[in-house]
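Have a look at the structure below, then the notes.
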Amino acid sequence: MTTPLTLVATLVANAGFEAELQQTLQGLQGPSRAEADGIQYDFHKDAEQARTFHMVEQWRDETALTAHEATPNFQAALPVIECAAEKFSVTKMYRVS
């Protein structure tokens, strides 16, 4: 059995776009949690940086993540994210212990 792929996406909203980015990211949560190969999909607002949001995700493997990124709901959110976020970084990792 392979270790699930964990992903942390960090997004910083452009000034004035915080609500739009938050709404878009929250809208991804329900459909993403319903995906068969998704294990975890949690949305967080940073405790210290008001314009920063974090998605903590866990997928069965890289193939499951690729399938998630191809879903209509994810594809529909991308243009909004590209417009509303000034920074967007993704960290992928596998649990060691």
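No lab work stands behind these numbers, since they all come straight from the coordinates. Every value quoted in this text rests on a predicted model; they were computed, and no experiment measured them. Don't worry about glycine lacking a Cβ; one is built from the backbone with ideal geometry, like all the others, and counts go over all protein chains shown.
Quick look at the numbers
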item	result
Subset of segment 42-82 that is touching a Pro at 6+ places or on another chain (Cβ under 9 Å) and part of a strand (DSSP E or B) - its residue that is farthest from Val12 (Cα to Cα)	Trp59
Selection count, segment 17-40, where residues are in a loop (DSSP other than H, G, I, E, B) and either surrounded by 12 or more Cβ atoms within 10 Å (Cβ to Cβ) or touching a helix residue (DSSP H, G or I) at 6+ places or on another chain (Cβ under 9 Å) (or both)	4
